[in-house]
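Read the structure below first, then the notes.
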Amino acid sequence: MDTLNALLGGFGSALSPMNLLWALLGVTLGTFIGVLPGLGPALTIALLLPITFQVDPAAAFIVFGGIYFGSQFGGSTTSILINTPGESASIVTALEGNRMARNGRGAPALATAAIGSFVAGTIGVVCLSLLAPVVVKLALAFAPADYFALMVLSFVTVAAVLGNSVIRGLTSLSLGLLLGLVGVDLQSGQARFTFGALDLLDGIDVIIVVVGLFAVGETLHLATRYRSSPEEIIPVKGSMWMTAQDWARSWKAWIRGALIGFPIGAMPAGGAEIPTFLSYFVEKKLSKHPEEFGHGAIEGVAGPEAANNAAGAGVFVPLLTLGIPTSATAAVMLSAFQSYGINPGPQLLTSHADLVWTLIASLYIGNVMLLILNLPLVGLWVQILRIPTPYLYGGILLFATVGTYGISRSVFDLVMLYAIGLAGFFMRRYDFPTSPVIIGMILGPLAEQQFRRAMTMSQEDLSVFVTRPISASLLALAFIALTAPIVLSFLRSRRETAAA
C-alpha cells in the first residue's frame with residue numbers, strides 16, 4: 001500500500017503540465033537520437049549534462065528517462081530499415097527485421113517492435129515499482145564490507161560483460177579507477193596523481209570524462225568510419241496495422257521477451273545484450289514456423305525488442321536502489337545524480353522519494369507517448385536518416401565544447417575534454433569498452449570509502465570480507481565471473497587443438 005501511495009504521488013507530480021512537456025521532449029529527442037545510426041542515449045545525456053544544471057532535478061531526470069526509453073524505440077527503426085543497429089542490443093532486431101523490410105513487410109516489423117516495446121516497457125516499469133522497495137530493504141542490511149564486495153562484483157562483471165575481452169574490460173576499468181583517485185585524499189589530505197597541477201587538486205569532473213568519452217571520442221570514431229555513399233533506406237509500404245496472424249505470433253513473444261529481459265537487466269551484471277539474444281533463441285525454439293527464421297520471422301523482432309525494453313527498465317533497479325550502474329547510459333545517469341548532489345542507494349527512496357517516484361511515473365507516461373509518436377510518425381523518423389552526417393558530427397562537437405566550457409569557464413577543462421576524447425577514440429578503435437571507465441571512476445572512490453570503513457570497524461582485520469556471509473558470497477561470485485571466461489577459453493583452445 002505504501003508503494004501504491006508513493007506511485008500515485010509520483011503520478012501527481014509527473015502529470016503536471018510542465019513535467020508532461022519535459023517527458024515529451026525526452027521521448028522525442030530519444031527517438032530522434034535512436035533513429036540516427038551510431039548515436040545513443042549515453043552520448044545524448046552526456047551532451048545535455050552541462051546544460052541541465054539550471055533545471056529542476058526532477059525535470060532533468062524525466063528528460064533523461066525519456067531519452068533512454070525513446071532511443072530504444074528509435075533504434076528499431078534504424079535496425080529494420082537500413083540494417084544498421086545503433087547499439088549492440090539492436091543487433092538481433094536487425095537479423096529478422098531488415099529481412100522483413102526487404103520482403104515488403106517493413107511496416108509490420110516496425111509495428112511489432114513499437115507495440116512490443118510499449119508492452120515490455122510497461123511490464124518492466126511495473127516490476128521496477130514493485131521490486132525497488134524490496135531491494136532497498138535488503139540493501140539496508142548491508143555492512144561496509146558487503147558494499148565493498150558488491151562493488152568488486154560489479155567491477156568484475158561489468159568489465160567482463162561490456163567488452164569482447166576480459167583483459168580489455170579490466171584495463172578500461174583500471175583507467176577509470178585511476179581517474180577517480182586524482183585529487184586530494186579526503187582522509188589524509190595528500191594530493192594524489194596531480195603531477196603538480198593545481199587544476200587537478202579538486203579531481204577530474206565526471207562530466208568532462210563522460211562528455212569526452214561518449215561525445216568527443218565516439219564522434220571522432222564515427223567520423224573516421226563515415227562513408228560518403230548514402231545508406232540504402234528501404235521505404236515503408238502499406239498499412240502500419242498488423243494482421244490477425246501477426247498479432248497471434250507476436251503477443252506471446254512480447255510477454256516472454258519482457259519476462260526474460262527484466263530480471264537480467266535488474267542484475268548488477270545485467271545489460272540488454274544477453275536477454276535479446278536469449279529471447280531470439282527462445283522464440284526460434286518455440287516457433288511453429290522455425291523455417292522463417294533468417295528470412296523474416298516476426299517473432300524474431302517481437303521477442304528481442306520486448307527483451308531490450310524490459311531490460312532497460314530493469315537497469316533502474318540496481319541504479320536507484322544500490323547505486324550500481326550496469327550499462328553505459330546508467331553510468332552517465334549516475335554521474336548526473338551526483339552532479340545534483342544526490343547519491344543513489346538504499347537511502348534514495350527515503351531522502352529523495354518524490355524524485356524517484358516522479359521518475360518512475362514518468363516512465364509509464366513516456367511509454368504511452370512513445371507508442372503514439374512511433375506508429376503514426378514513422379515516415380517522419382525515416383526522413384531524419386537523410387540528415388548530412390558531417391553536419392551532425394560538427395554539431396555534437398560544438399555542443400560538447402560549449403557545454404563543457406560553460407561549467408567552469410576553464411581552458412584547462414577544454415584541454416582535458418579533448419585529451420580524454422582522443423583517448424576514447426583510440427579505445428573505440430582498438431575495441432576497449434568505454435563504459436567501465438565511467439563505472440570505475442564513479443564507483444572507485446565509493447569502494448575505497450567502504451573499504452576504509454570496513455577496516456576501521458574490524459580494527460584492520462581483512463578476514464571481515466570472508467567471515468561475513470554476504471561479502472564472502474559476493475567475492476566468490478566475482479572470482480567465478482573473472483576466471484570463468486579464461487577457463488572456458490582455455491578449454492575451447494584445448495578442444496580445438498585436440499580436434500586438429
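Summary table below
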{"read-out": "Protein-only accessible surface order, largest first, of L349, L49 at 1.4 Å", "value": "L349, L49"}
{"read-out": "Stokes-Einstein D for the chain, Kirkwood Rh over Cα pairs, 20 °C, 1.002 mPa s (µm²/s)", "value": "92"}
{"read-out": "Accessible area (Å², 1.4 Å probe, nearest 10) - F148", "value": "50"}
{"read-out": "Between 0 and 90°, nearest 10: helix 353-374 axis offset from the chain longest Cα axis", "value": "20"}
{"read-out": "Rounded to the nearest 10 Å², the accessible area of L371 at probe 1.4 Å", "value": "40"}
{"read-out": "Sequence of W251, W241 from largest to smallest accessible area, 1.4 Å probe", "value": "W241, W251"}
{"read-out": "Mean residue ellipticity (222 nm) of the chain, computed from DSSP H runs ≥ 4 via -39,500 (n - 2.57), nearest 500", "value": "-24000 deg cm²/dmol"}
{"read-out": "Simple label model, 7 Å out from Cα along Cβ direction - S410 to Y340, nm", "value": "2.4"}
{"read-out": "Heavy-atom accessible area order for W247, W254, largest first, 1.4 Å probe", "value": "W247, W254"}
{"read-out": "Per-residue SASA entry for H289, accessible area with 1.4 Å probe, Å² rounded to 10", "value": "60"}
{"read-out": "Computed over the chain: relative contact order in percent, which uses C-alpha pairs under 8 Å that are six or more apart", "value": "28"}
{"read-out": "Spin-label model distance (nm) - I91 vs T497, 7 Å beyond Cα toward Cβ", "value": "2.8"}
{"read-out": "Between the range 461-500 and the range 278-298, the alpha-carbon center distance in angstrom", "value": "34"}
{"read-out": "Local net charge near Q245, Cβ-Cβ under 15 Å (Lys/Arg +1, Asp/Glu -1)", "value": "+1"}
{"read-out": "In degrees, nearest ten, helix 328-339 long axis to first principal axis of the chain (Cα)", "value": "50"}
{"read-out": "Residues of type aspartates and glutamates that K284 reaches as a straight line, Cα spacing below 18 Å, ignoring anything fewer than 8 places off in the same chain", "value": "E96, D246, E273, E292, E299, E305"}
{"read-out": "Degrees separating the helix 299-314 axis from the principal Cα axis of the chain, which is the longest one", "value": "30"}
{"read-out": "Approximate shape of the range 309-464 as ellipsoid semi-axes (Cα gyration tensor, √5λ), whole Å, largest first", "value": "34, 26, 16"}
{"read-out": "Cα-based shape type of the range 404-500, given that a ≥ b ≥ c are square roots of the gyration tensor eigenvalues and the cut on a/c is 1.5", "value": "oblate"}
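The values are calculated or read from the model by the stated rules, or taken from the named source; none is laboratory data. None of these values were measured; they are calculated from a predicted model. Glycine gets a Cβ as well: all are built from the backbone with ideal geometry, and neighbour counts include every protein chain shown. These accessible areas exclude ligands, DNA and RNA; they are computed on the full protein's heavy atoms, side chains included. Shrake-Rupley method; radii C 1.70, N 1.55, O 1.52, S 1.80 Å.
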